[in-house]
Structures are given as C-alpha cells and as structure tokens.
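The values are calculated or read from the model by the stated rules, or taken from the named source; none is laboratory data. Model, not experiment: these values are computed from the prediction. We place every Cβ from the backbone using ideal geometry, glycine too, and count neighbours over all the protein chains shown.
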Amino acid sequence: MTIQSREQCEQLDREDALAHLKQEFALPEGVIYLDGNSLGARPKAAASRAAEVIQQEWGTDLITSWNKAGWFDLPSRLGNLLSPLIGAEANEVVVTDTTSGNLFKALAAALHMQAGDDQRKVIITERSNFPTDIYMAEGLTGWLQRGYRIHLIDSPEELSTAINAETAVVMLTHVNYRTGYLHDMQTVTALAHQHGALMLWDLAHSAGAVPVNLNAANADFAVGCTYKYLNGGPGSPAFIWVPARHQAKFRHPLSGWWGHASPFAMSPHFEHQPTIRAALCGTQPIVSLALVECGLEIFAKTDMQALRKKSLALTDLFIALVEQRCAGFGLELVTPRDHVQRGSQVSLHHPHAYALIQALIARGVVGDYREPGILRFGFTPLYVGFADVWDAAEHLRDLLASQSYDLNLKRNAVT
Ligand SMILES: *Cc1c(COP(=O)(O)O)cnc(C)c1O
C-alpha cells in the first residue's frame, strides 16, 4: 500500500496494537522524538522511582538499603530483567559501568582465553564502528604490549576473507550507529568460530531495537547501553553478557571487590567468582541504576517480535515518504533497504545535513547529526507513531523546498 495522506497514517495508528505504550512515556507536547537511539525518552515511572530511591531508600533507610532495598543485588536483578530481550539465560547478564568499560572487560577476557595460542594476535573490527569501541581496543592492546594488532575492515563482506587462524577476537557492533546496517549475528559468529576466533558483540543499537538471540547464535561475549532504546536515562549503566559456559574462565584486569567471590570477607587477595558478578568492579551508581528498571518494565508489556514488526513498518514508511515527497533535493538513503540488514533507524546523507537537523529540531522534530553529512532518525516503536513519521517527512520536505535553514550555524559540542 502506498501512503499518500496523513489520514492513512492516522488509520495505521488506530490499528496499531502497540500505540497505547506511548502513554508510558513523558514526552513533551508537540515533539516528534526520533532520537531514542541516542537517548531514550523518559518513562513516566522514573520520576516516582527516583523520588522513592532518594527519599525512602537513601533518605530514611540509609545504609540498610544495601540489603533491605536490594541495592547490592541490583546489577544482577536488572540483568535478569534484560536477558529475555537479548536471548540470554538467567544469571548471564549484569547491568553495570559503561559500555566502553564493559567492552574493555569483555575484550580483555577474550584475549586472555586465547592467550595460549601465540598465532592469534589479531582483533578484527570495522573502521566504521563507534569510535569508543576501537579506542578501547587500542588502549587495551597498546597497554598489553604483546604484539596484538587491530585489523579495521571497510565493509562487512571483508569478514569472510579477513577472519583466519591469526584472529583472536572478532569484535563488531551488531547495528552500525551511523548507517543502521544490521549484521547477521548467527552467520558471523559461526564464521568466527570456524576459524577458532571468539565473537564479541556490541548491542548498543540492538538491545530493545531488534530481536537478538545471543545463545542461539552461540556468541561469546556481548555488551550494550541501557540509555538508548532501553530508556534507562542519561548515562544509565550499561550491560555485559557472559554466557554460563565462559563464566569460570572469565578473567579481566579490573578485579575490584564487587567481583570478588566474597566481597565482605575483606581478604587481602582477589578471588575470582565463577558467576556473572565477576564482571562487576566497584560500587554502583544506585540512583541511576535503579531507573533502568522503569524502562525494562515497559518492554515486559510487549515482545521484540511485535516491536520489530512495527519498527520495520515505521522505517519503511519514512523511506517511502522521503523518496516520494523529498525527491530532487539531494537526499541519499544510507540505511540498507533490505529488512534483514536494517536496524531501527534511517540515515540520510545531505550536504547541508547539520543545518537541516538543527532546523528540524527547532520545529520539534528531534533527530541528530553524525559525521559525515548524515541526518540520523531513530524509530522507537514504543512511542513513535505513523502520523509522526508523516509529519517528520513533511517538515523535512518543507525545509528543503523553502531552503529555510541556516548554513552558518555554529556546531554545538554534542551534535
Ligand atoms: C553509544 C555507543 C557506545 C557508548 O559508550 P559509552 O561508554 O556509554 O559512552 C559505545 N559503543 C557503541 C557501538 C555505541 O553505539
């Protein structure tokens, strides 16, 4: 069906079985929020949860809350709530630290597991990966000084020739932050394993965005954010997955007391614990961590298959409307058309992308800008509807047609 009017989009919204979930979020009136891939919207429940943690748990119950309110156990409890979204079993995920920090731990553990084979010195990743992932690998390998090399590939097709008997770890981001390209987790993991390499996935743009099944793919390690599609709040702690089969061998150098087999024994030596809590390091930011639950509770009201179906319908619609109604203005589609290769975002290239995004934001259509020249729109099916997609495309068309955007804008620190 080709969509030619806003009324048709309103009809799609009326037929949408997920439409009621938008009520769970506190979104400002008149804003079309297409940046949930960067900072998810606020669950309404987060305000009262924050008040409860601050007033009751911290204010009144003070230190007893480590036990009484379950603060000490919170990274594991949240990990177990998150597990079904990524195909993990119980006690395989903790919510803790940052994605950058968790990637460091997972990569260090993977290199440690491969250390017996002197031939395996190569980490394969993509040049287009989110920079912090590459930086962390550079930091770790540079510091180890054991001759590890990072091989940056320029397209997913290169994986089949790049992975070989020298590969220690293949470290990929499942959905590319810039293009929205989605890797085939099962096939790539199998390819890495065929050559004896370990497979580390970054799920920053997949968790809560696309169905993920880490155990079905037999992956080795995974990390990801909770502040993007999972709506955990700005800078909310990230997650790390270590499958049960690797937990006894999982060693990383950030051996803080929270990862100790018995933290309150206060022993002068570190003792590894063969559980997912070995991925913890030190005391957690409880206020921020507690709010992650509010986002996860909303996912418990639906399932990833239903969300995926709506997400593809939204991105298909946006691509179609941009191509029908914004043709001739120099926009180029960067995101794959093929559903099996598309995450939950649409990226468009335009020479005036930064100015266009700022003009859209001024009109209440919030997307973001990424180098080079990319307008990036995240479609979060929990709170974006079909009429929103129509309106976003119309604003874009109107801006392009009237050229009412400012090419002399000074760049903000965060684009
Ligand atoms: C967003 C994102 C990160 C963010 O890492 P932080 O440590 O939370 O700043 C890391 N990797 C990828 C692939 C991302 O998309």
Among F270, F264, which is part of a loop (DSSP other than H, G, I, E, B) and either in contact with a strand residue (DSSP E or B) (Cβ under 7 Å, 6 or more places away or on another chain) or surrounded by fewer than 24 Cβ atoms within 10 Å (Cβ to Cβ) (or both)? F270
For A165, work out the one condition from (1) more than 17 Å from the chain's Cα centre (by Cα); (2) among the hydrophobic types (A, V, I, L, M, F, W, C); (3) not in a loop (DSSP other than H, G, I, E, B) it doesn't fulfil. (3)
Pick from region 327-385 the residues that are closer than 20 Å to G40 by Cβ and free of Cβ contacts under 8 Å to residues at least 60 places away in the same chain: which of them is surrounded by the fewest Cβ atoms within 10 Å (Cβ to Cβ)? I361
Looking only at region 178-204, filter to residues that are within 12 Å of the ligand (Cβ to nearest atom) and within 30 Å of L74 (Cβ to Cβ); which one of those is farthest from the chain's Cα centre (by Cα)? L200
Name, by its number, the condition in (1) within 15 Å of the ligand (Cβ to nearest atom); (2) in a loop (DSSP other than H, G, I, E, B); (3) among the charged types (D, E, K, R); (4) surrounded by fewer than 21 Cβ atoms within 10 Å (Cβ to Cβ) that does not hold for E138. (2)
Which one of L254, L230, L289 is buried (at least 24 other Cβ atoms within 10 Å of the Cβ) and either modelled with pLDDT of 95 or more or more than 23 Å from the chain's Cα centre (by Cα) (or both)? L230
Residue under question is L27, and the condition is that it be within 16 Å of the ligand (Cβ to nearest atom) and closer than 27 Å to G224 by Cβ; does it hold? no
Within region 116-135, track down each residue that is touching a residue at least 12 places away in the same chain (Cβ under 8 Å), in a loop (DSSP other than H, G, I, E, B) and away from the ligand (no atom under 16 Å from the Cβ). D117, Q119, R120, K121
Can you tell me how many residues in region 330-373 are polar (S, T, N, Q), farther than 16 Å from T315 by Cα and in a loop (DSSP other than H, G, I, E, B)? 0
Inspect region 282-302 for any residue being in contact with a helix residue (DSSP H, G or I) (Cβ under 8 Å, 6 or more places away or on another chain) and closer than 30 Å to L409 by Cα and give the result as yes or no. no
In this structure, does V122 turn out to be under 21 Å from the mean Cα position of the chain (by Cα) and either buried (at least 19 other Cβ atoms within 10 Å of the Cβ) or on the phi > 0 side of the Ramachandran plot (or both)? no
Does region 89-114 hold any residues that are touching a residue at least 12 places away in the same chain (Cβ under 8 Å), over 12 Å from F239 (Cα atoms) and part of a loop (DSSP other than H, G, I, E, B), and which are they? E89, N91
Sort out which residues of region 212-229 are in a loop (DSSP other than H, G, I, E, B) and closer than 16 Å to E293 by Cα, and write them in order of number. C225, T226, Y227, K228, Y229
Residues of region 223-241 being under 23 Å from L312 (Cβ atoms), more than 11 Å from the ligand (Cβ to nearest atom) and of a type in the set (A, V, I, L, M, F, W, C), which ones? L230
The condition of being over 25 Å from G139 (Cα atoms) and either within 15 Å of the ligand (Cβ to nearest atom) or of a type in the set (S, T, N, Q) (or both) holds, among A248, A261, A207, A244, only for A207
I'd like the residue in region 36-61 that is buried (at least 16 other Cβ atoms within 10 Å of the Cβ) and among the basic types (K, R) and, out of all such residues, is farthest from N231 (Cα to Cα). R49
